[in-house]
Amino acid sequence: MDVKQILQNFYKKLRNLWNKGEIQRSFRISYDVIWNIILFFIIIGFIGLFLGLGVGAGYFASLVKDEPIRSHESMEKAIYNYEETTKLYFANKKYMGDVRSDLHREEITLDKVSDTLIHAVIATEDEYFNEHNGIVPKAIVRAMAQEALNSDTKTGGSTLTQQLIKNQLLTNEVSFDRKAKEILLAMRLENFFEKEEILEAYLNVIPYGRNSSGRNIAGIQTAAQGVFGIDAKDLNIPQAAFLAGMPQNPYKFTPFALGGELKDKEGLKPGIERMKVVLKRMQEENYISEKEYQKAVSYNIVEDFTDKKDSSREKYPYVVKEVQNRATDILMEHLAKEDGVSKKELEKDEELEKKYKILAKRDLKMKGYRIYSTIDKKIYDSFQKVVENYQHFGPDQMKEVKDEETGEFKNIPDPVQAGASLIENKTGKVLAFVGGRGFDIDEYNYSTEVYRQNGSTMKPLAGYAPAMEMGYIQPGTPIADIPPRGGGGPKNYGGTYYGLVSAREALARSYNVSADRLYREIMHTNPVKTYLKKMEFPKLKAEEGLLPSTVLGGLETGVTVEQNTSAFGTFSNQGKYVKPHIIEKITTKDGKIIYEHKPKPVKIFSPQTAYLTYDMLRDVVRSGTAASLPSQLHHSAVDWAGKTGTTNDYKDAWFIGTNPNVSLGSWIGYKSNKSLNYCPGCSLSYSQRNLKFWAELANAATAINPELIAPQERLKRPDGIVSRSICAVSGLLPSELCSKVGLTRTDIFNAKYVPTKVDDSLVGSGGSGLVVVDGKTVPAGPKTPKEFVKAGGGFAFNPDFIKRKGYDYLGDLSQLIPRRGNPEVWGKIGGAKGQTSSAIKDTGKSPASPTSVNGAGNKLSWGKPSSKNIVGYRVYRADNPNGSFSLIGSTTNTSYSIGGKAAAYQVKAVDYFGRESSSSKSVLIGKPTETKQKKEPSNDTEEKKNEEKDKRQEKDTEKKPESNKETNDQNKNEPQKDKAVEDDKENSPNKPDSNDQDSSDQDEKEVED
């Protein structure tokens, strides 16, 4: 069957089915089923849509349920309230300026704005401005979709009305809650106000970056004047387009750098490209023709930018900025508290804190608060004059910085910066400060914002005061400034160690090794956590308390001048810390108080510890590292106490001084952390430069308020402070031996920690005396022959004391002898050079005989045997080698003067335990007489005469060796002195490694100079 026949058969069957109506019936059934399915989904879709709209409406309602229904009056006040600024005052209600003095704005009405600018703004920011009712739904949906899909391209969904609401009524936080309120308020605003009113408000509040003098600007009139030097009504098309594009990213698109200089070509490029985008939108919206567009695109806008102008900054920029920042924090907590949000909740929730900080800043701009500060205007002014006229800061250096906008590196001047703070101790009032060397140089406040390591000013705070509070030391307690066990550790300036020094001297002269040794004894108590955290060092971490470098100021982040200064006020304030403050009171413009500061003293140390520390710090000024200070003060009799400080590589120089009324701290250093030690041609060292700066500040403040700054009375001594004598070696009550040596010292104590034990640090006269064993001086033992014990008795360190104090690792105990003061007294510890703490062990054997005995002329000499513990030698003589040898003298040397008598000689070694060696080989000197047969005495009388004659001879010979012994001992001492000199050379100090992680303090150099 062919294909044709098949097709004919199929056609016939199909026609029969159609004639019978079966195809039509099947089609109707399928149609009904499909249509019912489609209808079902349509119904479900509509139900879902209405349900979604309902849920959406409900969700929207939930987001805005807390938003009050605003009246026309309240909204009008909000959007037009860009003039009611907060007023700032010095102490005693002296007017300072407005809180917004850092933002320049000139109000303008819409009829004085170029139509071209208005068209540019609408075309760029809100093309449907004249048609919508506050929002553009499709723009909102588009923006939400882009946000949900995390799209790289975000076109934004805010109208001009919404932007005005965001700027004037809400915050910039990114949340559905805020967006929902923004939509609701935008629609309400459109119902209350005409389009022209909304546009005018928008053009007056929008930010435009900075102008040609470097000031922050807002409002279109201010922008036109600040960028092009013309009024807003005179803007041409490209100028209008440039300004209209700036609000999207004001500081990126502004043509001016931070100081007001015109940016380079690369820096100007983003703003020019943005201008071209605006021009294109104007052309697309038919605000300008194609011809106007082409002309504007090719326009050289750079030629229109105004020249750099000198800044017209306010007279008190540092104060205004500081007061505004602190007031913002206070108002942030105040507003949060009104909403039931605690301070702890703010600290934990970053977004919540950000929200209330924005609201606080807005209130400062709009609610017309009156903020009263603690700053004394006259003292503050005098401080600024000191900074302006001071000639000893040191030279400017150069530093390389990266331009944040262009990404290029360039060299700019890097001057020595300065910070200072004057604080009233009892109240915590900050009376004045030095924020830096000029706000136009650097806007950072170097008194309150910049954190630096505080070097040795940390020693009393973290080391000495906590140690006294816990009873580890008192001012007179000796601290061993010696090399640490195993080496390493911090170094004193010059690499020198100072031996056993009092805590008072160690702090006054700022010895790093002493402070490190002390801190390691108390480190397990974590003084940072126990004491310093209560003094509110916010950047100081508790774990830093377990690092030895902390006591030397080697901190991870550091402290501010204000924090450091207020901490020292604790010593003047009976151990109570009072947090510093600058805001005394905040009121509404009607006088209602919404904040008033009340000091809350916190006990850190006992009154006794505070006073003892203060008294030690007096020595810093009287005779320590700041001894040059009193001569520079106009009121030198003031009871100042204080501490100098230096950090690694001399990057920072500090001095914090405190008296019964106030504390004054100063700091100098480079922003780039360069060394202050580089100062060619300077007549003063880096530390002296800061001390002189501090002195000039103190003199300036004293001239204005001498009763406060220079009190006549000294700090009152609290009860519980007593005076006691101690032994300078141990810090215990003086023993008879310590008094005999002359090492008693008197100092003040907390009565709670007066020593009760008697000193046992020395041995010597009144004890066993001293003896040299194998070249090292040790106390004599009970069996040590007295003839070898040093003449005059002498003194030495008690081995038991040495071991108990942990000094037994020292190979040479002379390192305990102080380098400063009373060398004649400490020198009585005879043989300290070479004295060790090693115990003499008894071998139980007699020493070996001396070797290589020989004689020449009047001198007998021999070699030292290999045996240990030898304390000296005994010399024997006989008329001839076969005669009877008798003792003629002893010595601690390996030679002996025989006075020229011809005879035979032998030498025996004697050890520490009194054992004598066998005789050495005999040696003949001269020609001895021959041996004669001894005659028997004829009677008792003759025998008696001979016996008396022998006794006289023996007595004569005993006297002669004694004189030889003194001579030889004296000769022996000479090489010891030479050795001491050589030892000093070997241990000559090296300059500390500048890369040492611990702080290296050069402070005592000024004293030595």
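Values quoted throughout were computed directly from the atomic coordinates according to the rules given, and no laboratory measurement underlies them. Nothing here was measured: the structure is a model prediction, and the numbers come from that model. Note that each Cβ is placed from the backbone with ideal geometry, even for glycine, and that neighbours are counted across all protein chains shown.
Sum up the charges of everything whose Cβ sits under 13 Å from the Cβ of Lys841, counting Lys and Arg as +1 and Asp and Glu as -1, but leave Lys841 out. Present the calculation step by step, with values, prior to reporting the outcome.
Numbers: positive: Lys845, Lys868; negative: Asp774, Asp842, Asp911.
Computed value for this residue: -1.
Between their Cα atoms, which of Lys308/Lys671; Lys534/Lys671; Lys87/Lys195 are more than 31 Å away from each other?
Table pairs above 31 Å Cα-Cα are Lys87/Lys195.
Among the listed pairs Lys901/Lys921; Lys752/Lys828; Lys385/Lys603; Lys803/Lys908, which have their C-alpha atoms separated by more than 30 angstrom in this model?
Values: Lys901/Lys921 19 Å; Lys752/Lys828 33 Å; Lys385/Lys603 37 Å; Lys803/Lys908 34 Å.
The answer is Lys752/Lys828; Lys385/Lys603; Lys803/Lys908.
For an R0 of 60 angstrom, estimate the FRET efficiency from the Cβ-Cβ distance between Glu347 and Asp774 and round to the nearest 0.05.
0.35
Please rank Arg689, Arg188, Arg717, fewest neighbouring Cβ atoms within 10 Å first, as an exposure proxy.
Ordered from fewest to most neighbouring Cβ atoms within 10 Å, Arg689, Arg188, Arg717 come out as Arg717, Arg188, Arg689.
Could you sort the peptides 863-869, 589-595 by per-residue average Cβ neighbour count (10 Å cutoff), highest mean leading?
Output ranking for 863-869, 589-595: 863-869, 589-595.
As a quick test, which of the pairs Lys344/Lys579; Lys348/Lys674; Lys179/Lys365; Lys426/Lys643 have an alpha carbon distance above 28 angstrom in this structure?
Numbers: Lys344/Lys579 19 Å; Lys348/Lys674 37 Å; Lys179/Lys365 23 Å; Lys426/Lys643 20 Å.
Among Lys344/Lys579; Lys348/Lys674; Lys179/Lys365; Lys426/Lys643, the Cα-Cα distance tops 28 Å for Lys348/Lys674.
With 10 angstrom as the radius, rank His581, His634 by how many other C-beta atoms surround their C-beta, starting from the fewest.
With the sparsest Cβ surroundings first, the list reads His634, His581.
Based on the mean of other Cβ atoms within 10 Å per residue, sort peptides 741-754, 429-442 so the most packed one is first.
429-442, 741-754
If you plug each phi of the range 691-698 into the Karplus form 6.51 cos²θ - 1.76 cosθ + 1.60 with θ = phi - 60°, what whole-Hz ³J(HN,Hα) values come out, in order, with x for Gly and Pro?
4, 5, 4, 4, 4, 5, 5, 4
In whole Å, what is the distance between the alpha-carbon centres of the range 199-230 and the range 704-746?
After rounding, the separation between the Cα centres reads 66 Å.
Based on other C-beta atoms within 10 Å, arrange Trp667, Trp694, Trp640 from fewest to most.
Trp640, Trp694, Trp667
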